[in-house]
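Input: a single structure, listed below in structure tokens.
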Amino acid sequence: MIDRPQPYVESARLPVPAGLGRGFVLASVFVCAACGLVYELELVAVASSLVGDSVTQASVVLSVMVFAMGVGSLLAKRLRCHAAAGFGYVEALLALVGGGSAMALYASFAWLGGTRVMLVITSFTIGALIGAEMPLLMTLIQRIREQDPGGALADLFAADYVGALVGGLTFPFLLLPLAGELTAGLLTGVVNAVAGGVVVQWLFRHDLRERARWRLLAANSCVLLLLLAGTAFVGPFERAARQAVYGDEVRVAVHTAHQELVLTGGATRAQWPAAGELRLFQDGRLALRGRQAHAVHRQLVRPAVVGGPRARVLILGGGDGLALREVLRYRDVREVTVVERDPGVVRLARRDPGLRALNRGALDDPRVRLVHADAFDWLRDRVRGDAVPFDVMVSALPGPGPGGAAGPRLYSQEFYGLAARALADEGRFALRAGPRRERHDFWTVYATLRAAGLRPCPYAGERGFLLAEHARPAPPTCLHGGRTNLPPSTLMHPRYQ
């Protein structure tokens, strides 16, 4: 269907010269584009932290929003006759939906048991409203000074893309660290509502009838009040949502630069029957259970440590200190390097009485050297130099899979190749490959280790641990395939099965 040619549009009566008015419109495009990208990134961040699998969440958000932008652009054609009022209402609704989208996802996850439907609905709504902006802005800027449509579109898109750049950089480096996901979204909505309201209520006020202007002012005011009130209730809302997810036993909840840490249950064993067993959640995933903590980490660590030399040990992850405690049980361990990306985990493990009782203050042992860095980057920088190799390496990172918090590159051939280069000739590498019932993940890690020049040996039964050594031409002595200095009778002991 082809639109009929539009009649000549009378120039708008502006309170400022046309050039300055055009600059104000382009500035609003810049601000609105920045806010729109913040909404998009916020949806991806919140959905990834609640569900995991950031690739899937980003794909859903991006594809739905881009499709909805096309739908919004088509729907906006009907509003071009009332471009100023239409733009005002679109921005008010966008500020409300976008600013509250993070809280809506949290509420859906906590009380409705899932986020996928809410994620699609909010992504589509935000995308449709963003798509409706450009046709309306094109009409408004032509009303200020009619010009070649190609030139006007170039100016609008330039302001839009630069604003998107600023919004994309502001969210991770400023808004998220200083305000958190929920407050950042609400404050972005406030900025969005103010930017859209100023353009319409001041610059194009002569385009609105008195009654329409007051209605639009009332709508903007309600949106601003709701968003500002939301910032005051973020704390109680988060506490209520955590209790809905984790129960009434939430004892500690902190946001670090990398994740959300939640501790539930009693701080001591004596409190567990009444207060519940101590549990540590990282971004909603169970990372530690008090009753199983020692057995699990003993099964992971001991085969690697008792199988040969152990003077120098490297632990990847393990900021909770549980794997470290098992390593330090052996007096001939002279030096242990712990590479933990998140300082917040180490801080919590040192200060919380429950975690400190489990790790017995291992993080304060003089033999321990703490490094706060990404494991992949740290290993890559280390193997470039002439560093002394490690006798034992233990990966205390979470298991692989779409929802794994460690990231796919920490289970890649490149990563295992770096680990092999940092491992001594007689060294052992213990790691978690995921539960044996997840056969695809487990055997993928197994095959990736072999491709990286290591010879893996499964142990600990269903827990899915692997003990890897440098591959050698000698025949394997491990009953499961692979070679290890640890006797097969030890690996087959029920403790490791």
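Taken together, the values in this text are just the output of simple stated rules run on the coordinates, not laboratory data. Worth saying up front: this structure is predicted, and the values here are computed from it rather than measured. Every residue, glycine as well, gets a Cβ built from its backbone with ideal geometry; the counts of neighbours run over all protein chains shown.
The computed Cα Rg over 2.2 N^0.38 Å for the structure shown corresponds, within (1) 1.13; (2) 1.01; (3) 1.22, to (3). Full extension of the chain between ALA295 and ARG116 yields a length gain of 60.8 nm, computed as 0.36 nm times the residue separation minus the alpha carbon distance.
Give the shape of region 18-237 as rounded, prolate or oblate, defined through the alpha-carbon gyration tensor: a ≥ b ≥ c are the square roots of its eigenvalues, a/c under 1.5 means rounded, and otherwise the shape is prolate if a/b is larger than b/c and oblate if not. Could you put the intermediate results ahead of the total?
Working: a/c = 1.90, a/b = 1.57, b/c = 1.21.
In terms of gyration-tensor shape, prolate.
Take ILE121, ILE130 and order them by how many other Cβ atoms sit within 10 Å, fewest up front. Don't skip to the end; give the middle numbers.
Details: ILE121 15, ILE130 26.
So the residues, fewest neighbours to most, are ILE121, ILE130.
Taking every DSSP bridge with both residues inside the chain, close to 55 percent are antiparallel.
Region 22-98 and region 210-235 have Cα centres separated by 19 Å.
Between the helical axis of 149-170 and the longest alpha-carbon principal axis of the chain there is an angle of about 40 degrees. In the chain, helices alone account for a calculated mean residue ellipticity at 222 nm of -18000 deg cm²/dmol, with every DSSP H run of four or more residues adding -39,500 (n - 2.57). Here the contact order of region 18-237, divided by its residue count and restricted to Cα pairs under 8 Å and six or more residues apart, works out to 37 percent. Rounded to the nearest 10 degrees, the inclination of helix 54-76 to the longest alpha-carbon principal axis of the chain is 10 degrees.
Under 5 Å between amide hydrogens, built in the peptide plane, is the criterion, and for VAL394 it picks out LEU314, ILE315, LEU316, ALA430 among residues at least 5 positions away or on other chains.
Using C-alpha pairs below 8 Å separated by at least 6 residues, the relative contact order for the chain is 12 percent.
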